[in-house]
Amino acid sequence: MSGTYAIKAVELGVRYDLRFNRKVTVRTSVANFVLRRPPERFWALRNVSFELSHGESLAVIGPNGAGKSTLLQVLAGIMRPSEGTVEVVGHVSGLLGLGVGFDMDLSGAENILLGGAFLGIDDARVKELAPSIVEFADLGQFIDAPLKTYSTGMQARLGFSIATAVDPDILLLDEVLATGDANFREKSKARVIELVRSAKGVVLVTHDMNWVREYCNRAILLEKGRVVLEGDPEEVVQLHLERTAAAAAARQAEALAKGLDPAALAGGLARGGRRRR
């Protein structure tokens, strides 16, 4: 295993068997099993390859459902790829979603210990880090309150503080920098920059294109589970914005052709569309 990279992914693929969904009834699934029909399959990721060097910050961008969060789960070891390989060098820490590794009935202080265990950190070490985690999260007296009383922003602050306090070699973040108040977002960004400068590897899923342009070394654009472009953040962001605009224009044109109201359709106000007068 080489020490020149933090992460090396080769032809990664994640496949789901769609045995049960809204369109597949139990009767249909049983019939498919009896008749030995192969299950319908969906590739959340396919042929994804990249390397992340120590000291790099890699942004993963793309539309909803592109496979971004699935990729982070594979890198974190939560999910095994259906095909391909991934090598990770060093200790991995991350915040892959609000509430992951937390117990909503426990206090913030108690969840620090729980979150540390979830990340594989020794209990004694987590207790040593607890004061700095509490200080960075800046939750005041809420640190002793049950997590179920926290706002989503407060949960993100606690989770981010735990994930970055353990001094990881590789940090995985899923849209966490978009959560919380403006002051904490700036403090979080400064912490990520500090990690990158200390030769850590960061993989960040985000919809904040300004962050990608200003603070990431490279970017990957995912669409429908495949890499569309990897390279300079400015080029990748520009292509993403162009493709997003083109997709929106195509949906609007399709709605107009069907006599639907594109404004209502875009805003999710119409179920099945509203007829234009």
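Worth a mention:
- Test: residue in the range 235-248 that is surrounded by 16 or more Cβ atoms within 10 Å (Cβ to Cβ) and touching a Phe, Trp or Tyr at 6+ places or on another chain (Cβ under 8 Å): no
- Which numbered condition R251 misses (of (1) modelled with pLDDT under 95; (2) over 23 Å from A44 (Cβ atoms); (3) of a type in the set (D, E, K, R)): (2)
- Strands (runs of 3 or more DSSP E) wholly inside the range 31-131 that include at least 1 residues being modelled with pLDDT under 90 and either farther than 23 Å from L18 by Cβ or charged (D, E, K, R) (or both): 41-52, 92-95
- Of all residues in the range 154-182, those being modelled with pLDDT of 85 or more and farther than 22 Å from Y5 by Cα number 10.
- For the range 163-192, the set of residues classified as of a type in the set (A, V, I, L, M) and touching a residue at least 60 places away in the same chain (Cβ under 8 Å) consists of A163, V166, I170, L171, L172, L173, V176, V192, listed by residue number.
- Per the listing L95, L139, the residue uniquely surrounded by 15 or more Cβ atoms within 10 Å (Cβ to Cβ), of a type in the set (A, V, I, L, M) and under 15 Å from the mean Cα position of the chain (by Cα) is L95.
- Those residues of the range 207-227 which are over 22 Å from K8 (Cβ atoms) and under 13 Å from the mean Cα position of the chain (by Cα), in sequence order: H207, D208
- Selection count, the range 35-90, where residues are over 16 Å from the mean Cα position of the chain (by Cα), small (G, A, S) and within 27 Å of L239 (Cβ to Cβ): 4
- Single residue of the range 180-206 satisfying the filter (assigned to a loop (DSSP other than H, G, I, E, B) and over 13 Å from the mean Cα position of the chain (by Cα)) that is nearest to L222 (Cα to Cα): K200
The values are calculated or read from the model by the stated rules, or taken from the named source; none is laboratory data. Nothing here was measured: the structure is a model prediction, and the numbers come from that model. A quick note on method: Cβ atoms are made from the backbone with ideal geometry, for glycine too, and the neighbour counts reach across all protein chains shown.
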